[in-house]
Structure formats: structure tokens, C-alpha cells
Amino acid sequence: MMAGMSASAAAIEVRGVRKSFREVRVLRGVDLEVARGSIVALLGSNGAGKTTLVRILSTLLRADEGTVRVNGFDVRTQGGDVRRSISLTGQFAAVDEILTGRENIVMMARLRRLKNPGRIADQLLRRFSLADAGGRRAGAYSGGMRRRLDIAMSLAGDPPVIFLDEPTTGLDPEGRLEVWQAIRELAAAGTTVLFTTQYLNEAEQLADRIAILHDGTIIVTGTLDELKRLRPAAKTLEDVFLDLVGGRR
Amino acid sequence: MIILLGRSLRHVLRSPDTIVTTAITPIAMMLLFVYVLGGAIRAGDGAYVDYLLPGILIVTVASGISYTAYRLFLDLRSGIFDRFQSMPIARSAVLWAHVLTSVVANLVSLVVVVLVAVVLGFRSSAGVPAWLAVAGILIFFTCALTWLAVLPGLTARTIDGASAFAYPLVFLPFVSSAFVPTGTMPGPVRAFAENQPVTSIVDTLRNLFAGQPAGSGIWTALAWCGGILIVAYVLATVAYRRRI
Ligand SMILES: Nc1ncnc2c1ncn2[C@@H]1O[C@H](COP(=O)(O)OP(=O)(O)OP(=O)(O)O)[C@@H](O)[C@H]1O
Ligand SMILES: [Mg+2]
């Protein structure tokens with residue numbers, strides 16, 4: 001029964017995760033817990049290991065040590081169940097350039113065995129302002145359009161947990177607002193969202209909780225207010241971030 | 001997997017040049033051998049094109065499979081491979097879809113090459129069972145070589161690296177019974193030629209085309225294909241695991 005209890009406790013549970021690439025120790029004991037239905041922002045400088053952590057959570061990479069449970073399932077032993085529970089938007093848009101935008105989403109919907117893939121595709125295209133471009137080859141899209149298509153693709157079906165690795169990098173302000181809106185709707189519908197970002201205001205705007213990854217560990221987690229209280233002198237999250245990250249160097 | 005197969009078949013359909021380029025090298029070679037070199041080559045009694053075709057078909061397969069490495073490499077680099085791997089689908093499905101696509105695309109190229117050969121005067125007394133055997137062997141051979149192509153597709157660092165491995169394969173038929181009988185080759189070369197996979201496959205195909213019994217060479221040919229398939233599959237699986 002323990003497994004059942006932990007499943008209802010947190011959507012994502014990371015304990016003591018370590019990961020090295022040869023001699024580079026990227027993650028050195030990461031602990032993180034994400035409550036169901038919440039939005040958590042993962043912040044960190046370039047090369048801090050955000051992508052590495054997200055890849056471990058989505059079963060693309062194996063941790064050297066530690067345990068990770070997603071939606072109650074162990075990523076090491078229950079990879080199939082984890083993959084059924086998640087959707088991943090990687091750091092770089094992963095779309096099929098030869099297929100059209102619409103075909104890309106239809107393919108995702110069919111791979112997830114959803115009913116009515118065509119209708120799902122049309123809805124998602126509209127939601128991300130791609131309805132007009134849907135019939136064109138994704139290879140001919142601009143960077144921002146590609147990114148929006150990429151996110152639309154991972155929203156086909158509604159898995160309980162979604163990972164987004166720097167979802168708004170390279171988007172114009174309008175595109176960013178569309179993605180924010182989509183993330184808020186997901187969370188309102190009970191989906192758990194973990195996203196990484198370089199934009200501190202994005203974390204401020206969206207996240208229920210913020211986690212900062214630095215030197216291979218999560219150095220702080222908390223709500224925006226809690227983080228600000230850590231450094232009373234700091235006015236913005238940016239100040240807090242720079243202070244925490246800089247102070248450790 | 002059907003869905004992923006449909007996807008990569010669509011890739012082939014939307015770039016039909018891959019089928020054309022696959023077929024064009026062997027067709028050019030065939031023209032060269034039949035019209036330029038063929039007159040000087042003594043290889044049995046029949047038309048030289050009859051002697052030549054099996055080897056040309058091997059060249060076709062060898063040049064066709066490099067597209068698998070190419071497409072797989074692009075999937076890895078674009079990140080769509082990772083996207084599939086994070087979805088609730090069988091993990092091997094992505095690789096199998098590429099392999100089956102290669103088999104289908106190569107079959108089309110092979111048919112094109114055979115048709116050109118017929119135009120050049122190729123005639124076969126083979127019946128339906130023999131043609132089916134030819135198709136079976138070629139499919140098996142394509143499947144085995146494609147798994148070999150998966151390896152550079154998974155491990156190459158550059159796009160050129162991914163497709164360059166096919167060149168030696170294309171030249172393997174030259175040191176075999178594919179274009180000239182091995183009898184005239186000097187000792188060591190001949191020993192190599194007679195004991196490498198292409199010779200047994202080519203000889204078997206040639207017998208089948210001639211309407212003769214396939215001979216014991218067919219078991220050598222099948223053993224080579226099976227051996228290549230198993231080794232390549234195991235290596236590809238190891239290369240795949242090491243990515244995680
Ligand atoms: N496959 C790999 N092989 C070797 N080193 C790797 C590999 N993947 C990541 N690294 C290294 O791990 C460290 C963390 O990389 P990661 O991509 O997780 O950082 P990140 O926080 O996502 O950075 P960014 O903000 O730039 O996206 C980097 O030093 C990187 O060079
Ligand atoms: Mg990253």
C-alpha cells in the first residue's frame with residue numbers, strides 16, 4: 001500500500017539523483033518534489049543540468065544514483081508507465097520537417113491512440129495560431145512557429161504530468177503569452193507542469209513554486225514570496241537568483 | 001509502429017529522388033558493363049546482362065541502405081527520436097519503422113533496376129517460385145544490411161559519416177563473382193572473392209534466374225544474411241542502449 005500512498009502524495013519525486021558524464025559531475029544529489037496539479041519552475045544557469053534532469057525524469061537518460069518517481073512510477077523499473085503519464089517538450093523543437101504542421105500533430109495523437117486525431121490537430125493548431133500554416137511543411141516554418149508546433153504536439157492527449165524545457169525561448173511576446181495561457185489552462189485542469197526557463201519573470205508569472213538548480217543540487221525551493229524573504233534586500237526574483245547563485249561561487 | 005512506418009514511407013514518397021539516386025548508380029554501372037566492358041568479358045554462354053544483373057541488384061541494395069543511416073541520423077539530431085522515445089510506444093518501433101521503410105524503398109528501386117535490365121535484353125527462364133525465392137533472398141539481404149546501416153545512423157557524429165559507410169559495401173561486389181568469374185583472379189584475391197557473402201548470394205540469384213536449382217550455395221547465402229543480420233542487430237541494440 002505504500003506505493004499507492006506515495007503515488008497520491010506527489011506527482012514528481014526526486015531523491016538523491018546523481019549523474020555524471022565521464023568526469024563531469026552534473027547532478028550531485030538532487031532532491032525535488034512537485035505536488036499534483038502545481039506548476040514548478042526550474043531555474044539554473046547555462047549548463048547547470050536542467051536538461052539533464054528533465055531527460056532523467058522522462059526516461060531518456062538513466063541516473064547514476066538516486067530514485068525518481070513520476071506519477072507514482074519508478075523511472076528505472078516502470079519506464080512504460082512513466083511514459084504513459086508524461087509528455088515532454090524538449091529544449092529544441094523536435095518536429096518532423098517533411099510532414100506538415102497538421103500531420104505532425106495528427107501523428108502524435110495517433111501514436112497516443114486518441115480518438116479523432118484530425119479534430120485534436122485542428123483545435124491545437126487554432127490554439128497556437130497555426131491554423132493557416134497547418135497545411136505547410138513544418139520545415140518551412142519560422143523558429144517561433146516551429147516551437148509553437150512543438151508545444152502543440154506535446155499537448156495532444158492529456159497526460160497528468162508535462163515537462164517543458166525552456167518552452168518560450170525564441171518566441172515573440174505574443175507566442176510567449178499563448179504558451180503561458182496554455183500552461184495555466186493545463187494546471188487549472190489538474191495537470192502537473194514542470195518547466196525550465198531562463199526568464200525569471202516567466203517563473204514569477206507562472207510558477208506556484210520555484211526551484212533553483214546550482215552546482216549540481218537544488219539550492220532552494222519555495223514560492224516566490226518565500227524566495228524573496230530569503231534575501232530581504234532583494235527586490236526581484238532576479239536579485240534573489242543572482243545573489244544565491246553568485247554567493248556560492 | 002504502423003504509424004511510424006507510415007511516417008517514414010511518407011518521407012520517401014516526398015523525396016522520390018532517394019529512390020532515383022538509389023537506382024541510378026547501379027543502372028549506370030549496368031550500362032557501362034553491358035555496352036563498354038561487357039564485350040571483353042567472357043562469362044558463360046548467355047547474354048552478359050543475364051550474368052551481370054544479380055551483382056547489380058546487390059549494388060542497388062548497398063547504395064539504398066545508406067539512406068536509412070541518413071534518415072535515422074536526422075531523426076536523432078532533430079530531437080524527434082527523443083520525442084518518440086518519451087512517448088508510450090514500443091521503443092524498438094522507431095528503429096523497426098526505419099528498417100521496414102528501407103526494405104520497401106529498396107524493393108521499389110530493385111524493381112526499377114530489373115525493368116531497365118529487361119529493356120537492355122535481360123531474359124530469365126525463372127518461374128514464379130524462383131522469382132519468389134529471388135525476392136525473398138533480396139529482402140532478407142536488405143534487412144540484414146539495413147540493420148548494419150542502423151549502426152552508423154545511431155553513432156555517427158556527422159551526416160557524411162552516417163552515409164559514408166556504404167561505399168565499401170558498394171565495392172564489395174567488384175571483388176566477387178558479380179561481374180567476372182572468379183577463375184581468372186590471382187590466388188589470394190580469388191580466395192577472398194570466393195568466400196565473401198556477395199559471391200554466394202550472386203551465384204544463387206544467377207542460378208535462380210537461369211531456371212536452374214539454386215544449388216547448395218543458397219544455404220551459404222542465407223547463412224551470411226542471417227549472420228550479418230544477427231551481428232548487426234546485436235551491435236545496433238548495444239549502440240542504442242549506450243545512448244540512455
Ligand atoms: N550527453 C552528454 N555528454 C556529455 N556531457 C553532457 C551531455 N549532456 C549534457 N552534458 C553536460 O552536462 C552539463 C549540463 O548540461 P544541461 O544540458 O543539462 O544543462 P542546462 O542546465 O540544460 O543548460 P542550458 O541552460 O544551456 O540549457 C553541461 O556541462 C553539459 O556539457
Ligand atoms: Mg538545457
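Values computed for the structure shown
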read-out	value
Among (1) in contact with a helix residue (DSSP H, G or I) (Cβ under 6 Å, 6 or more places away or on another chain); (2) within 16 Å of ligand 1 (Cβ to nearest atom); (3) modelled with pLDDT of 95 or more - the single one A:Ala94 does not satisfy	(3)
The one condition in (1) crowded, with 23+ Cβ neighbours inside 10 Å; (2) in contact with a Pro (Cβ under 8 Å, 6 or more places away or on another chain) that A:Arg110 fails to fulfil	(1)
Selection count where residues are more than 16 Å from ligand 2 (Cβ to nearest atom), of a type outside the set (Ser, Thr, Tyr) and surrounded by fewer than 24 Cβ atoms within 10 Å (Cβ to Cβ), scope the range A:69-94	12
Candidates B:Ala210, B:Ala236, filtered to the one that is surrounded by 12 or more Cβ atoms within 10 Å (Cβ to Cβ) and under 30 Å from A:Thr52 (Cα atoms)	B:Ala236
Selection within the range A:41-68 - away from ligand 2 (no atom under 16 Å from the Cβ) and touching a strand residue (DSSP E or B) at 6+ places or on another chain (Cβ under 7 Å)	A:Ala63, A:Asp64, A:Glu65, A:Gly66, A:Thr67, A:Val68
Within the range A:26-40, tally of residues that are basic (Lys, Arg) and either within 16 Å of ligand 2 (Cβ to nearest atom) or within 14 Å of another protein chain (Cβ to nearest Cβ) (or both)	0
Hits in the range B:57-88 (condition: within 22 Å of A:Ile162 (Cα to Cα) and acidic (Asp, Glu))	B:Asp82
Residue match in the range B:157-173 (condition: among the hydrophobic types (A, V, I, L, M, F, W, C), modelled with pLDDT under 85 and either loosely packed, with under 14 Cβ neighbours inside 10 Å or touching a His at 6+ places or on another chain (Cβ under 7 Å) (or both))	yes
Meets criteria (within 16 Å of ligand 1 (Cβ to nearest atom), within 14 Å of chain B (Cβ to nearest Cβ) and either closer than 19 Å to A:Ala109 by Cα or within 12 Å of the chain's Cα centre (by Cα) (or both)) for A:Arg147	yes
For A:Ile105: the one exception among (1) within 14 Å of chain B (Cβ to nearest Cβ); (2) of a type in the set (A, V, I, L, M); (3) within 16 Å of ligand 1 (Cβ to nearest atom)	(3)
The range A:57-92, subset closer than 17 Å to B:Phe81 by Cβ and assigned to a helix (DSSP H, G or I), residue nearest to the other protein chains (Cβ to nearest Cβ)	A:Arg83
Unique match (being touching a strand residue (DSSP E or B) at 6+ places or on another chain (Cβ under 8 Å) and surrounded by 15 or more Cβ atoms within 10 Å (Cβ to Cβ)) among B:Ser124, B:Ser109, B:Ser86, B:Ser102	B:Ser86
Leading residue by the ranking (surrounded by the fewest Cβ atoms within 10 Å (Cβ to Cβ)) among those in the range A:152-180 that are within 12 Å of chain B (Cβ to nearest Cβ) and away from ligand 1 (no atom under 16 Å from the Cβ)	A:Gly157
A:Ile218, sole failed condition from (1) within 16 Å of ligand 1 (Cβ to nearest atom); (2) farther than 23 Å from A:Leu53 by Cα	(2)
Qualifying position, being more than 15 Å from ligand 1 (Cβ to nearest atom) and of a type in the set (D, E, K, R), among A:Arg62, A:Arg69	A:Arg69
Unmet criterion (only one of (1) farther than 30 Å from B:Ser8 by Cα; (2) buried (at least 23 other Cβ atoms within 10 Å of the Cβ); (3) away from ligand 2 (no atom under 16 Å from the Cβ)) for A:Ile105	(1)
Tally, over the range B:87-115, of residues that are touching a His at 6+ places or on another chain (Cβ under 8 Å) and either modelled with pLDDT under 90 or on the phi > 0 side of the Ramachandran plot (or both)	0
Lone qualifier among B:Asp50, B:Asp75, B:Asp82 - being within 14 Å of chain A (Cβ to nearest Cβ), of a type in the set (D, E, K, R), in contact (Cβ under 8 Å) with a residue 12 or more places away in the chain and more than 20 Å from B:Phe140 (Cα to Cα)	B:Asp75
Those residues of the range B:197-244 which are part of a helix (DSSP H, G or I), hydrophobic (A, V, I, L, M, F, W, C) and more than 21 Å from the chain's Cα centre (by Cα), in sequence order	B:Val238, B:Ala239
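Okay, residues lined up against (1) touching a strand residue (DSSP E or B) at 6+ places or on another chain (Cβ under 8 Å); (2) polar (S, T, N, Q); (3) buried (at least 18 other Cβ atoms within 10 Å of the Cβ); (4) away from chain A (no Cβ under 14 Å):
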{"residue": "B:Ser15", "(1), (2), (3), (4)": "no, yes, no, no"}
{"residue": "B:Ile19", "(1), (2), (3), (4)": "no, no, yes, yes"}
{"residue": "B:Val34", "(1), (2), (3), (4)": "no, no, yes, yes"}
{"residue": "B:Gly38", "(1), (2), (3), (4)": "no, no, yes, yes"}
{"residue": "B:Gly46", "(1), (2), (3), (4)": "no, no, no, yes"}
{"residue": "B:Thr60", "(1), (2), (3), (4)": "no, yes, yes, yes"}
{"residue": "B:Ile65", "(1), (2), (3), (4)": "no, no, yes, yes"}
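The values are calculated or read from the model by the stated rules, or taken from the named source; none is laboratory data. Predicted, not measured: the structure shown is a model, and the values here were computed from it. Note: ideal-geometry Cβ built from the backbone for every residue, glycine included; neighbour counts use all protein chains shown.
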